[in-house]
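Trainee: Provided herewith is a single structure, encoded as structure tokens, for subsequent inquiry.
The values are calculated or read from the model by the stated rules, or taken from the named source; none is laboratory data. Everything numeric in this text was worked out from a predicted model, so none of it was measured. All Cβ positions, even for glycine, are placed from backbone atoms using ideal geometry, and neighbour counts span all protein chains on display.
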């Protein structure tokens, strides 16, 4: 894994909204995993490199409940292979009518040190997963076993998740607004820029609460806004 | 009503996820009421036999607000007829643009001892319903009166709810993941099997938290898993 | 602004469900903003006259991040122009794939005394917005900057929001069930009628909790219901 | 059957568009079967009273291929019971993922003198059905047997079809634009009014082709338009 | 109108597919009117500048059938104002449940010399419109009068149509694949480039039919492809 | 390729509807490619083994128009590699907003002897493709270049297409109703059974046209039906 600790630490302090804007400036408009929510929106921000699992539609004869007796079944294998610190991302073809995974597998990921899990389908045992420490994101709860609709077919290949492209190693960041995918090669510069942007946004928020108009302040087109921000940074040590 | 008390009690202790897997083993893949959520996900598990109400699209001339002055209006009649212990299930044709019911009717069901209410549409007064003791499940809140889109037409006939088939007397179980429909004739055996499965899942969960891999454990393909489970059951008295 | 204080005060005490029924009696079936939820369902009821912003689909060459350096950009201008006490209503063409606004703009609206904000798209910084005092309603969280999909094009023109018609000056009421649009000319009579209806609904709710059947009570077709309600009003001073 | 021959004959000469406008004048806005198309748009206009079949979601154990060995299976029974001159209307819950019927059953309806068939799902053998004389309307072709998703459950009850309410005996009219449902009690007056409207529309069309503006002509707010129309009717004998 | 005749003539000879690629090269990815089809796919290519009409959701009390007695009703006014040679583009909010227009209005446009009509809703009298000379594009047929769901509110303002941004004066091109929107300022250069691209595509098509591989040919990365194309152009006089 | 010529020939004489029923009898309910239509429904039945291409969502920086200058681009490579007699099946994630392919590539497939092409997205140049001899199936026409939304990522891996599972080598059959996927191992027995079923269906159709009831005939529960069919086969030599 090549996501450096300082980059990871920076990304933990910024929002998916700020990251989306930084990506937008670079012409990347499609990196948000669409229509995916955290099971518990109060968890700290999730950050990690993508480790992917691809589902295809299940064919009945290939998916009896006994398939899991095979230790090399891709779903189970992927759960044991996902590196600590990574985010486990599942391409469920935006179909939440059967579960992408349940609480036992997600607990296993947590114990193994995985940073989080995302599916564009749904999780079963959603109340249990919400209570775990590991952040999890899905479309909606879904009780049916994954075999009902999904067959795990490929581990760690490029996938789509919620209409966003996800390559193994891309950096996934998740908060209350959902999950965003940062191309691996951009993670460091996006992290640095987002930290800067966040400082300015925090400054603006403070000023707006104090009653200042957004015109000239957001963005900082007034010279005074820049001067005030410089002073604020100094006083805050940011 | 033929749902026996021990079956009901067993079903209160298991999850819709576990029940779905038990149904899946019997070739039933379509028993989950799709895209329906509890108004309050912290309520205890809902269990009861289905008592159904079928809505058709409303025709304007047949649905002035005065229709409810007729005591035999099917919606109001159904509310008074639904047996205590049953689950009131409404076929709203997956249309939440007008309410399926509101807090007064749901309160009446609660007072009458009804076990819960499910619609594949939406409830109005959703905040009030969430605060009641009776569990309620819907797609999303919806303030417009049901007459806007729905005309109650049939009481206790076979219906669809969230794409699942529901026959009167089928057993409905609901938790944070949503609602599942157990065919009446299978309730007892599903309940028994789900209790057994739940014991094993609880055992696995404990082991996974302790750090054991899911391979060989989930499912129990390692002989040791079976031995450990036997010991665990003994120690837990399950 | 012509929404009178007593009308506003009355509307704060009634539900969107009750208002929808009052509108339904007048042949208005389509005034609910469909599929829009409060970010914090526990906030007090939102009431205010509609001040609107219309978005059209964004064209890439017209929406670089630098557009906001123009103080007359319609989105920013609208935020500063929305009158205190009004509700800011955005026509996002039911597209939540990019944000309609974020926490800084919504904070500015709050500081300016605006009564609330509604979009049929989504907000970014949703966790921060939920914590503000100002009520906000959207379809779902959405982190991407609005420029990704939306271009603000018109201020305070008639729009659609969640399939409902919204004319500037219409009265918007929002609670846990969502938002309803009262045509400006009807606000006073709807408010008066809804207050009356609410009194009766509160009476019924009390009686239903006491065990009375809804037949003859809801609606009051039994003479006794009317007598009891008259007594109840007297005792409650309503 | 109470649809009188003159009414039927009149309805064969008017369009679903004209009928929709006549219904709209009476406050009926929801009588169009939404998203349903003719398999062959060049067929003559279909007219007949609704004979309905209701499908519910199929449960696997109740729908082996052998169910059709039962002569009283509701789908097959309905095909044999539908009166000559009627329109067979199927409530497929707007689900075209499995067929509502195929060419053999539709051929049988044709031979029995049935006036047409409509489903808000899809037909299999769509190319064969398109070649029959009997008009057929669906959402899209669908090859899987109806048992895959649909279980026929009720014959000739009130249903929804394409979000429109359909009561047995309502008059169904179908042309290239789709199908409209005329409440039984209104058929005669709607037919008469639509014939009148059609005369005026034909007159307007002629004038518009001749170069006249629609202002004052459509609708006839200019006195001259009325005079010209009177002359036109006389000359055409309509 | 500033669309020059040579530009119009060039655009009549190229496809929407080729134009989309030319726009894509300039970073414009969202100019296709999504999910809109020609009523008659065999018509010649439609070209003209956009003249727009914006619909909002209809409110029942504002849309009795009598509104059309007002000569200044925006829908009727727009039909009479649309310049000859223009394309009439309607923002129907992607809602085909009621008609955007019918055959009489479309005939009037044809007589007035308008180049075509597009809606992201549907037309009534679709069979008649298909037979006219004027090209028309919609989502699907729809018989109900536009008043059922749509209120015409603004003439010739920027709109969305099928998720594409449309500014008055943009150039609309339509063929069997649907309609594309060329920003006004790019029309000339896109037309020129598309003509060049079309020559090469025609050359490739000929070669592919002759059995040549697409590798090195499409695009022309082989030197030989360029040489052959130069010879082909010469021989064809293109 | 292991699809034997006699199997291919048999499958060319049967319908997708009949094949779906044969698959249904074996518990396979999900083999229809949903919501995909032939560009020209009058073409002969398409039969061939699946050769697949998987698209993922396009990331802007990876998909400039220049990518096709790389001869090893997966889309172009796949077109040249697809074996004669195979069906080229594209997983476009059910997204027709950009093209899956255009007429030049489809022409190349035809020249190379490929049996057909299917996507759950859309084709550009749809009118040209419809005129080719090679059968093509899609959701709807789509002019934008595939790079707008799709990045070709994998050749001949298991995919989903229109919610159906497709493994390389599965046999695809397409007619006016759409495309069905026969698991490779079942092709021979399904072909044999479908030929038998078709004989009986042809017999029934003849009898139904002659006026016989479907009861006892379809299916053949009357002894007489079996006797008549035996005679019919003899006389027809089938």
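Okay, residues lined up against (1) in a loop (DSSP other than H, G, I, E, B); (2) farther than 20 Å from residue E:185 by Cα; (3) within 14 Å of chain F (Cβ to nearest Cβ); (4) in contact with a strand residue (DSSP E or B) (Cβ under 8 Å, 6 or more places away or on another chain):
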site	(1), (2), (3), (4)
E:10	no, no, no, no
E:19	no, no, yes, yes
E:42	yes, yes, yes, no
E:61	no, yes, no, no
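Trainee: Would it be correct to say that residue F:89 is at pLDDT 95 or above, surrounded by 24 or more Cβ atoms within 10 Å (Cβ to Cβ) and either at positive phi or within 14 Å of chain D (Cβ to nearest Cβ) (or both)?
Mentor: No, not satisfied.
Trainee: Let me ask you something else. Determine whether region B:150-159 contains at least one residue that is within 29 Å of residue B:2 (Cα to Cα), within 14 Å of chain C (Cβ to nearest Cβ) and in contact with a strand residue (DSSP E or B) (Cβ under 8 Å, 6 or more places away or on another chain).
Mentor: yes
Trainee: Shifting gears a bit: Tally time: how many residues in region C:71-80 are in contact with a helix residue (DSSP H, G or I) (Cβ under 8 Å, 6 or more places away or on another chain) and outside any loop (DSSP other than H, G, I, E, B)?
Mentor: Total satisfying the criteria: 4.
Trainee: Please go through region E:44-59 and pick out each residue that is within 14 Å of chain F (Cβ to nearest Cβ) and either closer than 13 Å to residue E:117 by Cβ or out of contact with any strand residue (DSSP E or B) (no Cβ under 7 Å at 6 or more places or on another chain) (or both).
Mentor: E:44, E:46
Trainee: When region A:26-63 is examined, which residues are found to be free of Cβ contacts under 8 Å to residues at least 24 places away in the same chain and over 28 Å from the mean Cα position of the chain (by Cα)?
Mentor: A:60, A:61, listed by residue number.
Trainee: Same structure again: Every residue in region C:167-215 that is on the phi > 0 side of the Ramachandran plot, crowded, with 18+ Cβ neighbours inside 10 Å and within 7 Å of chain B (Cβ to nearest Cβ), please.
Mentor: Once the filter is applied, which keeps residues that are on the phi > 0 side of the Ramachandran plot, crowded, with 18+ Cβ neighbours inside 10 Å and within 7 Å of chain B (Cβ to nearest Cβ), region C:167-215 yields only C:178.
Trainee: For residues in region E:21-36 being at the interface with another protein chain (Cβ under 7 Å from one of its Cβ atoms) and outside any loop (DSSP other than H, G, I, E, B), which is nearest to residue E:114 (Cα to Cα)?
Mentor: Across region E:21-36, the extreme among qualifying residues is E:32.
Trainee: Return yes or no: is residue F:83 in a loop (DSSP other than H, G, I, E, B) and either within 14 Å of chain A (Cβ to nearest Cβ) or free of Cβ contacts under 8 Å to residues at least 40 places away in the same chain (or both)?
Mentor: No.
Trainee: Can you name the number of the only condition in (1) modelled with pLDDT of 95 or more; (2) more than 27 Å from residue C:30 (Cα to Cα) that residue B:71 fails?
Mentor: (1)
Trainee: May I ask you to list the residues in region F:63-77 that are within 11 Å of chain E (Cβ to nearest Cβ) and touching a strand residue (DSSP E or B) at 6+ places or on another chain (Cβ under 8 Å)?
Mentor: Scanning region F:63-77 gives F:63, F:73, F:75, F:77.
Trainee: Can you spot a residue in region D:150-165 that is without any contact (Cβ under 8 Å) to a residue 12 or more places away in the chain, surrounded by fewer than 24 Cβ atoms within 10 Å (Cβ to Cβ) and more than 15 Å from the chain's Cα centre (by Cα)?
Mentor: Looking for residues that are without any contact (Cβ under 8 Å) to a residue 12 or more places away in the chain, surrounded by fewer than 24 Cβ atoms within 10 Å (Cβ to Cβ) and more than 15 Å from the chain's Cα centre (by Cα), one finds none in region D:150-165, hence no.
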